[in-house]
1. What value does the range 134-243 have for Rg/Rh, both radii from Cα atoms and Rh as Kirkwood defines it?
2. Suppose R0 equals 35 Å. What FRET efficiency, 1/(1 + (r/R0)^6) with r the Cβ-Cβ distance, do residue 139 and residue 194 give to the nearest 0.05?
3. Return the percentage of antiparallel bridges among DSSP beta bridges fully within the range 145-272, rounded to the nearest 5 %.
4. Using the 10 angstrom Cβ neighbour count as an exposure proxy, how do 61, 39 rank, fewest first?
5. Ranking 261, 158 by Cβ neighbours within 10 Å, fewest first, what do you get?
6. Please identify, among 140, 49, 241, the residue showing maximal mean-square fluctuation in a Gaussian network model of the chain using a 10 angstrom Cα cutoff.
7. Which residue fluctuates the most in the chain, going by a Gaussian network model with Cα springs under 10 Å, if the choices are 21, 93, 111?
8. Output the antiparallel fraction of DSSP beta bridges having both residues in the range 6-267, as a percent to the nearest 5.
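Please treat every number below as a calculation from the coordinates, not as lab data. Values in this document were obtained by computation on a predicted structure and should not be read as measured data. All Cβ positions, glycine included, derive from the backbone under ideal geometry; neighbour counts span all protein chains shown.
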């Protein structure tokens with residue numbers, strides 16, 4: 001019998017930069033143990049929602065799909081723009097989530113070198129941010145979690161927001177993340193395509209050309225930046241499909257991106 005999902009706070013006490021003590025001020029991780037033979041890999045899911053909400057079909061639905069393929073999944077409830085949060089709160093939450101899962105890995109029979117992240121839309125932007133803006137951890141930190149690296153071992157980006165630069169930026173995500181009138185330096189700092197380096201995590205990206213909310217150029221410019229830096233990646237493009245499809249449903253099927261992603265996860269030894 002599979003274990004039911006359990007949630008726990010990212011920080012035992014008040015999170016750094018917290019604006020209050022309500023639920024929206026306390027980021028959490030929800031654990032979804034594998035429901036198939038465990039592969040020893042873990043993936044943290046960042047739901048989409050333009051940094052203004054968290055879409056369940058891009059959170060727990062993905063987690064159940066990963067768990068069904070033997071991956072231990074977690075869903076991150078990160079802080080959001082409508083509650084007064086701006087960058088870098090979301091990145092701090094993502095980094096803390098990676099450190100936490102890596103710290104838990106050994107006691108949960110997971111491989112600390114196979115910890116990935118996955119996100120859709122704005123969650124994809126958070127993936128792009130953490131795979132380009134990670135650190136090795138603080139070796140002398142009193143909190144053992146803070147000693148862990150925040151570098152994911154791979155990233156899965158579903159119809160991702162990548163750039164904050166016009167004309168291809170998703171302006172709703174930009175406003176919630178950076179505020180109404182961000183300066184050019186802040187816009188550049190959160191345009192992930194400008195920060196790809198050779199040690200950026202390998203990535204799987206998928207998008208549809210028909211997406212009229214987040215232009216497909218976001219996926220294309222990120223793939224080009226990965227290619228230029230020599231970072232391993234896979235890119236699946238489909239002609240049709242609206243924004244926000246996730247894994248699809250009977251009324252609105254998704255393209256077969258999930259099969260492509262599983263093929264790639266097998267190549268990267270995350271799936272048996």
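1. Working: Rg = 15.8 Å, Rh = 15.3 Å.
Here the Rg-to-Rh quotient is 1.03.
2. Working: r = 29 Å, r/R0 = 0.83.
Plugging the Cβ-Cβ distance into 1/(1 + (r/R0)^6) gives 0.75.
3. Once the DSSP bridges in the range 145-272 are tallied, antiparallel ones form about 10 percent.
4. Details: 61 18, 39 21.
Taking fewest neighbouring Cβ atoms as first place, the list is 61, 39.
5. Values: 261 23, 158 28.
Final ranking by Cβ density, sparse to dense: 261, 158.
6. Highest fluctuation among the options: 140.
7. Taking springs between Cα atoms under 10 Å, the residue moving most is 21.
8. On the way: 10 of 34 bridges.
Taking every DSSP beta bridge with both residues in the range 6-267, the antiparallel ones total about 30 percent.
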